[in-house]
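*Asks:* Below you will find the structure I want to go over with you.
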Amino acid sequence: MEQLGAAALPVILGGILLFGFFKNVDVFDAFVQGAKEGVTSTIHLMPTLIGLILAVTMVRASGLLDMVCELALPFAQTVGIDPELLPLALLRPVSGSGSSAYTLTLLQQFGPDSETGKIASVLASSTETTFYAITVYFGACGCKKLSYSIPAGLLGDAAALVFSIISVKVFG
C-alpha cells in the first residue's frame with residue numbers, strides 16, 4: 001500500500017504532462033505563469049493577513065477573550081452548556097490554530113468521550129475561521145463591501161455552536 005502512495009505523485013505529474021502534450025499546451029510556461037500569479041496574490045494579501053494575525057495576538061494577550069467569556073458566563077449557565085466551551089466558540093471564527101490548540105486542551109482536560117469533549121470536537125470541525133476566510137477571499141478579489149458577509153459568517157458560527165450542542169445532547 002505504501003508503494004502505491006509513493007507512486008501516486010509521479011503518476012499524477014506524468015498524467016498532467018501527457019494531457020498538456022495532447023492538448024498542445026506549454027506545461028512549463030503555464031506552471032511559471034501560475035507561480036507568478038501565486039506570488040502576486042501572496043504579496044497582495046500579506047498586509048491584510050499580518051493585520052489579522054496581529055489582531056488575534058492582541059485579543060489573546062490583552063485578556064479580552066477572558067473578559068468576553070466572563071460576560072457570557074451567565075448565558076452559558078442558563079442554557080446549560082459548559083462555560084469552558086465559550087473560549088472555543090469565540091476563538092473559532094478568528095483563529096484556526098488557536099481554536100485547535102484550545103480544543104486539544106479541552107479534550108485533555110475533560111476527555112474525548114465527555115459531553116464537553118464531544119461538543120468541542122463537533123464545534124471545531126463544523127465551523128470556519130470566518131475572519132480569516134473573509135480576509136483571504138475578499139482580499140484576493142479586492143472586494144471592500146463586507147456589509148452582509150461578516151454578520152452572515154458569524155450567524156453561521158453561532159448556528160454551529162447551537163447545533164453542536166443539540167447534536168451531542170441528542171445523539172451523543
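*Asks:* Hey, VAL25 hits all of (1) loosely packed, with under 10 Cβ neighbours inside 10 Å; (2) farther than 30 Å from THR135 by Cβ but one; which does it fall short on?
*Replies:* Result: VAL25 passes all but (1).
*Asks:* Helices (runs of 4 or more DSSP H) wholly in the range 82-160 with at least 1 residues that are of a type in the set (Phe, Trp, Tyr) - which ones? So that I can check it myself, show each step before the final result.
*Replies:* On the way: elements: 86-91, 96-110, 115-126, 130-141.
Ranges flagged: 96-110, 130-141.
*Asks:* Mind checking which residues of the range 10-58 are farther than 30 Å from SER97 by Cβ and among the acidic types (Asp, Glu)?
*Replies:* If the condition is that a residue be farther than 30 Å from SER97 by Cβ and among the acidic types (Asp, Glu), then ASP26, ASP29 are the ones that fit.
*Asks:* Please determine whether any residue of the range 99-117 is under 30 Å from GLU37 (Cα atoms), touching a Gly at 6+ places or on another chain (Cβ under 8 Å), among the aromatic types (Phe, Trp, Tyr) and in contact (Cβ under 8 Å) with a residue 24 or more places away in the chain. Before the answer, list the steps.
*Replies:* Going through the range 99-117, the residues under 30 Å from GLU37 (Cα atoms) turn out to be none.
Within the range 99-117, not a single residue is under 30 Å from GLU37 (Cα atoms), touching a Gly at 6+ places or on another chain (Cβ under 8 Å), among the aromatic types (Phe, Trp, Tyr) and in contact (Cβ under 8 Å) with a residue 24 or more places away in the chain.
We did not get these values from a lab; they are worked out from the coordinates using the rules stated. The structure presented is a predicted model; accordingly, all values stated were derived computationally and were not measured. Glycine gets a Cβ as well: all are built from the backbone with ideal geometry, and neighbour counts include every protein chain shown.
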